[in-house]
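Below is one structure, written out as structure tokens; the observations come after it.
The values are calculated or read from the model by the stated rules, or taken from the named source; none is laboratory data. None of the values given here were measured: they were computed from a predicted structure. Every residue, glycine as well, gets a Cβ built from its backbone with ideal geometry; the counts of neighbours run over all protein chains shown.
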Amino acid sequence: MKIVTIVGARPQFIKAAAFSRAVKGRHQEILVHTGQHFDENMSDVFFKELDIPKPDYNLGISGGSHGRMTGAMMAEIESILMKEKPDWVLVYGDTNSTLAGALAAVKIRIPIAHVEAGIRLGTLSNPEEVNRIVTDHISQILFAPTQLEMENLQKENLGTGSYVVGNIMYDSYLHCMKQIEEMEDVEIYDFTGQKIKLPEQYYYLTCHRQENTYDDVPLKEILKAMNQLEAPAVYPVHPRNRERAERLCRENHFQNLLLIQPVGYKESLYLLKKCKKVVTDSGGLQCEAFYGKKQCVTVFGWAGWPQTMVGNRNQLSKADAHEILEKLSREQEVCPDYQPFGDGHAAEKIVEIMEGKR
Ligand code: UDP
């Protein structure tokens, strides 16, 4: 098979690493990087650390409005697809790169495989929800991480052609966790490029969703909560929010936060492994906290991964300092056998199913 894989954002590089490993030597994969995330910390480090093949095409498209970005990507991807004539276009998750890849492919009748299909928040006010729904409805094969997403697809009459394969992020997590066991320290840097020592005890914070960072109010509440904890929060800041996060900490004298440059995937897993608890709005990190049995508070209005929300292991909170602190103070109950995200071989299953559909 000839497969064109579209990636563009950090979590897609992590997923693509697992798929590329599974497909290598069996089929031809052409990797298209849209450029949505582009710099050393948000892109290059993942290719290096995770041994992802160098992209065959790099479109260099980032920033601008949703429509402008998606449209520009679509035009470029269409040209590539017309030239390459692949058997499949493979897209991951729910970003503008996902939507652009799927829309470009469907119009020229190239079958689409969507990995991480069936996630539904139930609101179109979340920009990624639109990308998920449209992509699922125009794809030929849908790969759901768990039975729950499969049920969401069935409710939309998309059950035929859908498969539960496990969460491909869990493949990457297990693969890299083996290497993390041998890591004794982690290199983290502040925004001046100064190396920082990781505190003995800390909370791991990530926050970058549009809903929490579109203006000062929600982000300030989150930072305020973290500032009141007994241990500092280590916060790798997404470049989009750097100015706001730095300014809010300065203006409000929040001294209990370590704002650092975004880290690579292995570094992120190391931060997770050593932290006390996680506070995040990231879909990927809340799942990783679950795999690693670290308690997580997800600051977001909707549950993207309700499977993790058992025994206080992952609790939703509004962007409200009081609520975040209250949820962090609760005990979690871990049931060691409960692991709904598959066996870490989602990527191999995806390749086999695609082979069967050829
Ligand atoms: N992550 C990372 N470096 C960081 C922050 C997060 O590698 O500085 C990882 C994190 O462990 C998770 C993924 O990036 O695997 C989540 O990506 P992101 O939060 O950008 O997207 P989402 O999961 O919300 O789609």
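Taking the options 162, 139, name whichever one is surrounded by fewer than 24 Cβ atoms within 10 Å (Cβ to Cβ) and more than 16 Å from the ligand (Cβ to nearest atom).
Going through 162, 139 in turn, the sole match is 162.
Could you check region 278-319 and list, in sequence order, the residues that are closer than 16 Å to residue 335 by Cα, within 10 Å of the ligand (Cβ to nearest atom) and among the aliphatic types (A, V, I, L, M)?
Within region 278-319, 289 is the sole residue that qualifies.
Taking the residues in region 299-338 that are of a type in the set (Phe, Trp, Tyr) and surrounded by fewer than 16 Cβ atoms within 10 Å (Cβ to Cβ) as candidates, determine which candidate is nearest to residue 289 (Cα to Cα).
This residue is 338.
Give region 176-186 a look and list any residue that's surrounded by 12 or more Cβ atoms within 10 Å (Cβ to Cβ) and away from the ligand (no atom under 12 Å from the Cβ), or say none.
179, 183
Of (1) within 15 Å of the ligand (Cβ to nearest atom); (2) more than 26 Å from residue 352 (Cβ to Cβ); (3) touching a Pro at 6+ places or on another chain (Cβ under 9 Å), residue 66 satisfies all except one. Which?
(1)
Using the structure shown, decide if residue 15 is in contact with a strand residue (DSSP E or B) (Cβ under 6 Å, 6 or more places away or on another chain) and within 14 Å of the ligand (Cβ to nearest atom).
Yes.
One line per residue, one yes/no per condition, for (1) buried (at least 20 other Cβ atoms within 10 Å of the Cβ); (2) modelled with pLDDT under 95; (3) within 16 Å of residue 299 (Cβ to Cβ); (4) in contact with a strand residue (DSSP E or B) (Cβ under 8 Å, 6 or more places away or on another chain):
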residue: 211; (1), (2), (3), (4): no, yes, yes, no
residue: 217; (1), (2), (3), (4): no, no, yes, no
residue: 224; (1), (2), (3), (4): no, no, yes, no
residue: 232; (1), (2), (3), (4): no, no, no, yes
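Of the conditions (1) part of a helix (DSSP H, G or I); (2) crowded, with 23+ Cβ neighbours inside 10 Å; (3) not basic (Lys, Arg), residue 205 fails just one. Which one is it?
Unmet for residue 205, out of (1) part of a helix (DSSP H, G or I); (2) crowded, with 23+ Cβ neighbours inside 10 Å; (3) not basic (Lys, Arg): (1).
Determine the pairs where a residue that is within 15 Å of residue 134 (Cα to Cα), located within region 148-161, has a partner that is among the polar types (S, T, N, Q) and surrounded by 15 or more Cβ atoms within 10 Å (Cβ to Cβ) with Cβ atoms under 6 Å apart, the partner being 6 or more residues away or on another chain.
As it stands, the answer is 153/162, since those pairs meet every condition given.
Can you confirm whether residue 182 is within 25 Å of residue 339 (Cα to Cα) and at pLDDT below 95?
yes
Pick out, from region 36-114, the helices (runs of 4 or more DSSP H) lying fully within it that include 2 or more residues that are within 15 Å of residue 134 (Cα to Cα), small (Gly, Ala, Ser) and in contact with a helix residue (DSSP H, G or I) (Cβ under 7 Å, 6 or more places away or on another chain).
So the answer is 96-107.
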